[in-house]
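The structure under discussion appears below in the form of structure tokens.
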Amino acid sequence: MNSNMSLPGLKDIVITNEEERNGAYYLHIEVPQKPHQCPKCGEFTSRVHDYRAQKVQHLKVCERTTYLYYRRRRYVCPCGKRFSEDNTFVERYQRHSKEWNQALGFRVIQGKNFKDTARQFRTSPTTVIRRFDEVAAPLLQPVKELPPVIAIDEYKGDTNKGKFQVIIADGDTRKPLDILPDRSVSTVKKYLREKGERVEMVIMDMSPTFKSAVRQALGDPIIIADRFHFCRYIYWALELVRRRVQKDFHDYDRKKCKRMRHVFNKPIEDLTEKQGRYLSRYISFSEDLQLAHRLKEEFRGWMAKAKELGLQEPAKVKETLFEFYDRVKAVGLPEFEKAIQTFKNWQPEILNSFTFGYSSGFIEGLNNQTKVIKRNAFGFRKYERFRNRVLLHHQYKHMEIQMG
């Protein structure tokens, strides 16, 4: 060729020919001849012993699969040692260029799944998985010490280590820190004892397992119950009352009441005129349903007030919560009395959610992304690979890299 071109990752090479066959692009290349130092005796030599042809897969050019036909020299030293020349684009014993391996390392972290990445890079899923295992280990730094505020939650991973895994995140930065292989008390307790010396607050759902593990491992930290998880007990109580009383309705009203059950949970001020008519109709059929709906609205009022007073007047929040207990007891609905008993069991943790203002909503979002990763990959068998995939995804998800 009378002219040459410079391609990324192919500097200081000579392109002797190029051709296109069966939709693939082939570049015939070689490295300029120069003296090389013998790895045995250290002397320099320019004597060429022979040439070897090496086929190397490179990044796509113009959306075509690209291969390099590398005419590799072997030098011979006066001492008798034969060795290959140095180059900057392919490692020894490799069939893919350095640029290709680097691009695959980035894409395998951000890609949809391993099979999709393999198709994009014209290689096998096994090669992609092997490359991911190689790059994942050095990129993830082990957690040496947990921060003062952590959030803890579980998700269904279905790996070889267990059906459920536990994710731990920083309560302030909202970044995932680590994933534990199972949700047993012993596993969580062991991890917190090893790395939780600085932990002062723990945000969690209302899980007795997590509560027990935290108490045993950390002594007496501040435990904060997520608001969504204790609020739903009131809505569950309302739903149980509706199911109980609608059994006595006319068949048409029973089916219609079930279809319109969302009007009972929706804030009364947000109801449309039609929804308001349905609500008025069905609570008029049952005094218990009317009382249950009124208790739900009173609880909503207490929640709104508690959010305003929580940071300045925590004692007032506790006082108004006791008043709500009294109203539930006066009404005498067993479904709400059972819900209030759960509130009493978790009362310090519930009040802490208003005093300190933390929530585990962000970790539920992390879990949702984790489930998407799992679904796209049709599941992960190996726990370590799934853990690395999830943590690296969150570490690099904001990086905009277009390769392959």
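Residues of the stretch 224-244 that are among the β-branched types (V, I, T) and either at pLDDT below 95 or in contact with a strand residue (DSSP E or B) (Cβ under 9 Å, 6 or more places away or on another chain) (or both): I224 alone.
For F121, indicate whether it is surrounded by 13 or more Cβ atoms within 10 Å (Cβ to Cβ), touching a residue at least 60 places away in the same chain (Cβ under 8 Å) and more than 30 Å from V31 (Cα to Cα). Here the answer is no, as F121 does not meet what is asked. Report the residue count in the stretch 179-225 for those that are under 21 Å from V390 (Cβ atoms), in a helix (DSSP H, G or I) and touching a Ser or Thr at 6+ places or on another chain (Cβ under 7 Å). Number of matching residues: 0.
Please enumerate the residues belonging to the stretch 265-291 that are over 43 Å from the mean Cα position of the chain (by Cα) and among the small types (G, A, S). If the condition is that a residue be over 43 Å from the mean Cα position of the chain (by Cα) and among the small types (G, A, S), then S280, S284, S286 are the ones that fit. Among residues that are farther than 30 Å from K374 by Cβ and surrounded by 14 or more Cβ atoms within 10 Å (Cβ to Cβ), H36 is included. With respect to the stated conditions, R389 is buried (at least 19 other Cβ atoms within 10 Å of the Cβ), out of contact with any strand residue (DSSP E or B) (no Cβ under 7 Å at 6 or more places or on another chain) and within 30 Å of E99 (Cα to Cα). Touching a His at 6+ places or on another chain (Cβ under 9 Å) and among the hydroxyl-bearing types (S, T, Y) - does that describe any residue in the stretch 1-8? Checking the stretch 1-8: not a single residue is touching a His at 6+ places or on another chain (Cβ under 9 Å) and among the hydroxyl-bearing types (S, T, Y). Listed by position, the helices (runs of 4 or more DSSP H) enclosed by the stretch 339-398 that each have at least 1 residues that are under 12 Å from the mean Cα position of the chain (by Cα) and not aliphatic (A, V, I, L, M) are 361-376, 383-396.
Checked against the criterion of being under 18 Å from V149 (Cβ atoms) and either out of contact with any strand residue (DSSP E or B) (no Cβ under 8 Å at 6 or more places or on another chain) or modelled with pLDDT of 95 or more (or both), the candidates D220, D248 yield just one match: D220. Name every residue in the stretch 17-59 that is touching a residue at least 12 places away in the same chain (Cβ under 8 Å) and among the acidic types (D, E), in order of residue number. Residues satisfying the conditions are E18, E20, E30, E43, D50. It is to be established whether one or more residues within the stretch 195-207 are free of Cβ contacts under 8 Å to residues at least 24 places away in the same chain and either more than 18 Å from G171 (Cα to Cα) or β-branched (V, I, T) (or both). No, the conditions are met nowhere in the stretch 195-207.
Screening F132 with (1) part of a loop (DSSP other than H, G, I, E, B); (2) within 24 Å of the chain's Cα centre (by Cα) gives one miss only, at (1). For the subset of the stretch 48-103 comprising residues that are in contact with a His (Cβ under 7 Å, 6 or more places away or on another chain) and hydroxyl-bearing (S, T, Y), which member is farthest from E19 (Cα to Cα)? Here the answer is Y75.
Against the condition outside the structural domain of Q37 (by TED's automatic domain parsing), in contact (Cβ under 8 Å) with a residue 12 or more places away in the chain and either among the small types (G, A, S) or out of contact with any Cys (no Cβ under 6 Å at 6 or more places or on another chain) (or both), how does G105 come out, does it pass? Considered against the rule, which asks whether it is outside the structural domain of Q37 (by TED's automatic domain parsing), in contact (Cβ under 8 Å) with a residue 12 or more places away in the chain and either among the small types (G, A, S) or out of contact with any Cys (no Cβ under 6 Å at 6 or more places or on another chain) (or both), G105 comes out as yes.
Listed here are the residues, each with its yes/no results for (1) assigned by TED's automatic domain parsing to the domain that holds A237; (2) more than 22 Å from A330 (Cβ to Cβ); (3) loosely packed, with under 12 Cβ neighbours inside 10 Å.
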residue	(1), (2), (3)
F249	yes, yes, no
K258	yes, yes, no
P267	yes, yes, yes
T272	yes, yes, yes
S284	yes, no, yes
D288	yes, no, no
K296	yes, no, no
F299	yes, no, no
A306	yes, no, no
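Here the condition is being more than 23 Å from R122 (Cβ to Cβ), buried (at least 17 other Cβ atoms within 10 Å of the Cβ) and of a type in the set (S, T, Y); of Y51, Y70, Y75, Y25, it holds for Y75 alone. Suppose we keep only residues that are in contact with a helix residue (DSSP H, G or I) (Cβ under 7 Å, 6 or more places away or on another chain), surrounded by fewer than 17 Cβ atoms within 10 Å (Cβ to Cβ) and among the aliphatic types (A, V, I, L, M) within the stretch 127-154. Which one would you say is nearest to L192 (Cα to Cα)? Selected residue: V143.
The values are calculated or read from the model by the stated rules, or taken from the named source; none is laboratory data. It should be emphasised that the depicted structure is a prediction, and the values quoted were computed from it without experimental measurement. Heads up, the Cβs are rebuilt from the backbone with ideal geometry, glycines too, and the neighbour counts pull from every protein chain shown.
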